[in-house]
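Worksheet for the structure shown next.
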Amino acid sequence: MNRLVAALRRQPTDRRPVWVMRQAGRHLPEYRELRTSVGFSEAVSTPEIAAEITLQPIHRYGMDGAVIFADIMTPLQAMGVDVEFTPGPSLRPHSLAEVAALPPLDVDRVGHVAETIRLVTAAVPDDTAVVGFAGAPFTLLAYLVEGGGSKDFAAMRGAVLADPPTARAALENLAHSMAAYLGLQVAAGADAVQLFDSWAGMLDEATYRDLAMPAARSALDVAGAPRIYFAPHGPHLLGAQVGIGAEAHGVDWRLPIDEVWHLLGDDVAIQGNLDPAVLLTDPDTIAARTAELLAATAGRPGHVVNLGHGIDRTTPPEHVAAFVAAVREGPV
Ligand code: 1CP
């Protein structure tokens, strides 16, 4: 069993596993170079290219996890939703009823993602885990209703509060499709899967418990690989995440990692939680802050080192290398 999978299952490892969210895109010069000749959607839908991008950070840094190059909106495109990347997702705003009526995902239409996973699995060293992912239902609903990214997703929150039953139907519909999508990725060889609930932190705790959390739990109903649930910017939601059905929780940097672990309970692994801004500083600061993070969880199996959110696109690659080196040289 590789180091990342072992840690997600809270088993002892020779050293702490490390990978970085959004490591496959944007901050890497080799990614930007490749993207000068290939569009985002074309890169995702061409398994050889998606696999090459997935492997770029593995070759450069030797990360313990290779996160498949795709987007949380990729399976929605296969459900007939027209999405463009500019660079974030851009689409026609959908009503809750339209989302509730979307056809279930036909996994044959995302066969390119399964093929990318097979190519990456064949190419990585045995001790590198292949990480599949999906967007959580609430976060997907946010993009669908809003028609793209937003500062506060007010239109989506208004729609959900105005009609909770239709919101629930829309979320359940997305949850079934995402469970199927994660299942496809595990069947293709993903060693672990992550559910990104990037915008759940927008919700008050009661609405999260009522709508977003049950939908995420349904989407996580997949067997055969450890599951990571990641809902950043929501320290007020940590208590409500308990029992969501993930072996591990990704956490942001707003609370100290040992405190978050205490809130989530001893029976889950923790992934995080260095502030991505630390990687914008300098190698000495990065080493010191990483050492502090490792010390806070030293001797406790089940810590996957990662950032508290995706890596900033302006991060110098040497700073990422300094972070990875600090983890390798640090205490178990
Ligand atoms: O390492 C990787 O690049 C892995 C593949 C990956 C993942 C896991 C991409 C590629 N996107 C994602 C997840 C994703 N996509 C999330 C969840 C993670 C998070 O919270 O950070 C979200 C919210 C999205 C939506 C999205 N897609 C955005 C954010 C837009 C916004 O402001 O709301 C953006 C910019 C995209 C496009 C995209 N997806 C991925 C990349 C590398 C890019 C940028 C494309 C480019 O500029 O080349």
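The values are calculated or read from the model by the stated rules, or taken from the named source; none is laboratory data. Just so it is clear, the structure is predicted and the values come from calculations on it, not from any experiment. FYI the Cβ positions are ideal-geometry reconstructions off the backbone, even for glycines, and counts take in every protein chain you see. These area figures cover heavy atoms from the full protein model, side chains too; ligands, DNA and RNA do not enter into them. Shrake-Rupley method; radii C 1.70, N 1.55, O 1.52, S 1.80 Å.
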Inter-site label distance for ASP221 and ASP204 at 7 Å from Cα along Cβ, in nm: 2.9
Whole-number D in µm²/s for the range 250-332 (Stokes-Einstein; Kirkwood sum over Cα pairs; 20 °C, 1.002 mPa s): 167
Using 1/(1 + (r/R0)^6) with R0 = 41 angstrom and r between the beta carbons of ARG109 and HIS262, what's the FRET efficiency to the nearest 0.05? 0.45
At 10 °C and 1.306 mPa s, the Stokes-Einstein diffusion coefficient in µm²/s for the range 185-286, with hydrodynamic radius from the Kirkwood sum on alpha carbon pairs, is 110
Could you give the C-alpha radius of gyration of the range 45-134 expressed as a fraction of 2.2 N^0.38 Å, taking N as the number of residues it contains? 1.24
Order by accessible surface, 1.4 Å probe, largest leading, for residues TRP253, TRP199, TRP261 comes to TRP253, TRP199, TRP261
Mind pulling the per residue volume of the convex hull built on the Cα atoms of the chain? Å³ is fine. 114
Given a Förster radius of 30 Å and the C-beta distance between ASP282 and THR36 as r, what FRET efficiency does 1/(1 + (r/R0)^6) yield to the nearest 0.05? 0.55
Can you pull the semi-axes for the range 163-235, root of five times each eigenvalue of the Cα gyration tensor, sorted largest first, whole Å? 23, 15, 8
Charge tally in the Cβ shell below 15 Å around GLY265, where Lys, Arg are +1 and Asp, Glu are -1, GLY265 excluded: -3
Tell me, what ³J(HN,Hα) does each residue in the range 15-23 have, in order and in whole Hz, if you take phi through Karplus 6.51 cos²θ - 1.76 cosθ + 1.60 with θ = phi - 60° and put x for Gly and Pro? 7, 5, x, 9, 8, 9, 5, 6, 5
How much FRET efficiency would the formula 1/(1 + (r/R0)^6) give for ALA162 and ASP312, where r is the Cβ-Cβ distance and R0 is 35 Å, rounded to 0.05? 0.50
Under the Karplus curve 6.51 cos²θ - 1.76 cosθ + 1.60, θ = phi - 60°, whole-Hz ³J(HN,Hα) for the range 266-280, x wherever Gly or Pro sits: 6, 8, 10, 8, 10, 10, x, 9, 5, 4, x, 5, 4, 6, 9
Net length gained if the chain between ARG92 and GLN11 were fully extended (0.36 nm per residue, minus Cα distance): 24.6 nm
